[in-house]
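Step one of this worksheet: look at the structure below.
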Amino acid sequence: MPVNSIPSAVSNTQSISILGSKVDLVEIPDVISTMGRWIESEHDSYHYVVNTGMHGLMEGHRDAGFKTILNSAHLFAPDGILVVLIARIKGGHIKKKGTGPDLMERFLESTQNKGYRHFFYGDTDETLELLKDKVESQFPNQMIVGAHSPPFRPATTEEDDSIVDEINKAKPDVLWVGLGTPKQERWMFEHRDLLKVPVTIGVGASFKFATGGVKRSPTWIGNLGFEWLWRLSQEPKRLWRRVFVDAPQFIGLSLLELTGLKKFE
């Protein structure tokens, strides 16, 4: 049963609620234009963008604190065919999902003559070096002002203070955070009063996709909505629970919500 959309925090954008989380009805061009407006017109304000789908929404369903983080985002860009389908059923006008790798590449491509400053945070030193080489080669007018691979453990207070200082001194226009959900969303939220960056966006495994560390699915598979199956074949140990446990639960809960048998706040 269709549900009326609700106003978004972003002007001229509508949102819907899925399992109690506010999802903006935006596609990649909308996200790119919004990010550009923040950089050009609201440079002194901090904005963070969530780009997730079923996995992030299930994390929010299980953890009220994480749901608050999702709902506090300045923009929630949906990723994943399940979320897009639910949005359509609820009356949302959205054609395609916007994955982190696609969003990052298209933003770099469409703004390459603007000379924006970029900082990459996450993944390994090796991946970041490959990423910098690729961006500098493919988009020579973009400015990479820093990259940092955090420890694969909770950072100490001194380490955290150091990375915040490093980012702020670099003065990026866009801070790309590749820590994976839910870690990257928590990090962006927890540092909202410390970072002096107009746009911070969580892009998951985009650094590895961009550098070939993880292969993207063929375009026709993605267009059919089966990129999740391709990714499962590439990273079964990391994704099996998401596909075989979270996805069925998400579908069941969404059906309860769509039929009005259960409401989620």
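The values are calculated or read from the model by the stated rules, or taken from the named source; none is laboratory data. These numbers were taken from a predicted model, which means no experiment stands behind them. Positions of Cβ are backbone-derived with ideal geometry, glycine not excepted, and every protein chain shown enters the neighbour counts.
Tally the residues that are more than 11 Å from Tyr121 (Cα to Cα) and among the small types (Gly, Ala, Ser), restricting the search to segment 181-205.
Selection size over segment 181-205: 1.
Yes or no: Ala170 at pLDDT 85 or above, small (Gly, Ala, Ser) and out of contact with any strand residue (DSSP E or B) (no Cβ under 7 Å at 6 or more places or on another chain)? Quick ask: steps written out before the conclusion?
Working: at pLDDT 85 or above: yes; small (Gly, Ala, Ser): yes; out of contact with any strand residue (DSSP E or B) (no Cβ under 7 Å at 6 or more places or on another chain): no.
So Ala170 does not fit the description; no.
If you check every pair at least six apart or on different chains, which have Cβ atoms under 7 Å apart with a residue in segment 174-199 that is within 20 Å of Gln142 (Cβ to Cβ) first and a residue that is of a type in the set (Asp, Glu) second?
Gly178/Asp123; Pro198/Glu42; Pro198/Asp173; Val199/Asp173
Got a sec? Which of Leu175, Leu195, Leu108 is more than 24 Å from Ser72 (Cβ to Cβ), surrounded by 15 or more Cβ atoms within 10 Å (Cβ to Cβ), modelled with pLDDT of 95 or more and not aromatic (Phe, Trp, Tyr)?
Details: Leu175 fails: more than 24 Å from Ser72 (Cβ to Cβ); Leu195 fails: more than 24 Å from Ser72 (Cβ to Cβ).
When all the criteria are applied, what remains is Leu108.
So which of Phe107, Phe66 ends up being more than 17 Å from Ile201 (Cβ to Cβ), part of a helix (DSSP H, G or I) and of a type outside the set (S, T, N, Q)? Reasoning before the result, please.
Working: Phe107 fails: more than 17 Å from Ile201 (Cβ to Cβ).
Going through Phe107, Phe66 in turn, the sole match is Phe66.
Out of all the residues in segment 128-141, is one or more over 21 Å from Val26 (Cβ atoms), touching a residue at least 40 places away in the same chain (Cβ under 8 Å) and aromatic (Phe, Trp, Tyr)?
no
For segment 144-172, name all the residues that are of a type in the set (Val, Ile, Thr), surrounded by 13 or more Cβ atoms within 10 Å (Cβ to Cβ) and more than 14 Å from Trp187 (Cβ to Cβ).
Taking segment 144-172 as the starting set, the residues that turn out to be of a type in the set (Val, Ile, Thr) are 144-145, 156-157, 163-164, 167.
Within this subset, residues satisfying the condition of being surrounded by 13 or more Cβ atoms within 10 Å (Cβ to Cβ) are 144-145, 163-164, 167.
Scanning segment 144-172 gives Ile144, Val145.
Pick from Glu42, Glu59: which is modelled with pLDDT of 95 or more, in contact with a Ser or Thr (Cβ under 7 Å, 6 or more places away or on another chain) and among the acidic types (Asp, Glu)? Explain how you work it out, then say what you get.
Details: Glu42 fails: in contact with a Ser or Thr (Cβ under 7 Å, 6 or more places away or on another chain).
Selected residue: Glu59, the only one of Glu42, Glu59 that is modelled with pLDDT of 95 or more, in contact with a Ser or Thr (Cβ under 7 Å, 6 or more places away or on another chain) and among the acidic types (Asp, Glu).
Among the residues of segment 43-54, write down those that are surrounded by fewer than 23 Cβ atoms within 10 Å (Cβ to Cβ) and of a type outside the set (Ser, Thr, Tyr). Break it down into steps so the answer makes sense when it comes.
Filtering segment 43-54 down to residues surrounded by fewer than 23 Cβ atoms within 10 Å (Cβ to Cβ) leaves 43-47.
Listed by number, the residues that qualify are His43, Asp44, His47.
Please go through segment 89-127 and give me each residue that is among the charged types (D, E, K, R) and more than 20 Å from the chain's Cα centre (by Cα), ordered by number.
Going residue by residue through segment 89-127, those that are among the charged types (D, E, K, R) are 90, 95-97, 102, 105-106, 109, 114, 117, 123, 125-126.
Within segment 89-127, Lys90, Lys114, Asp125, Glu126 qualify.
Can you work out which of the residues in segment 40-63 that are of a type in the set (Ser, Thr, Tyr) and not in a helix (DSSP H, G or I) is farthest from Lys22 (Cα to Cα)? Working first, answer last.
In the first step, residues of segment 40-63 are kept if they are of a type in the set (Ser, Thr, Tyr); the result is 41, 45-46, 48, 52.
Among the residues that remain, those that are also not in a helix (DSSP H, G or I) are: 45-46, 48, 52.
Values: Ser45: 21, Tyr46: 19, Tyr48: 14, Thr52: 12 Å.
Per the criteria, the residue is Ser45.
Is at least one residue of segment 209-216 surrounded by 19 or more Cβ atoms within 10 Å (Cβ to Cβ), at pLDDT 95 or above, of a type outside the set (D, E, K, R) and within 16 Å of the chain's Cα centre (by Cα)?
Checked segment 209-216: no residue is surrounded by 19 or more Cβ atoms within 10 Å (Cβ to Cβ), at pLDDT 95 or above, of a type outside the set (D, E, K, R) and within 16 Å of the chain's Cα centre (by Cα).
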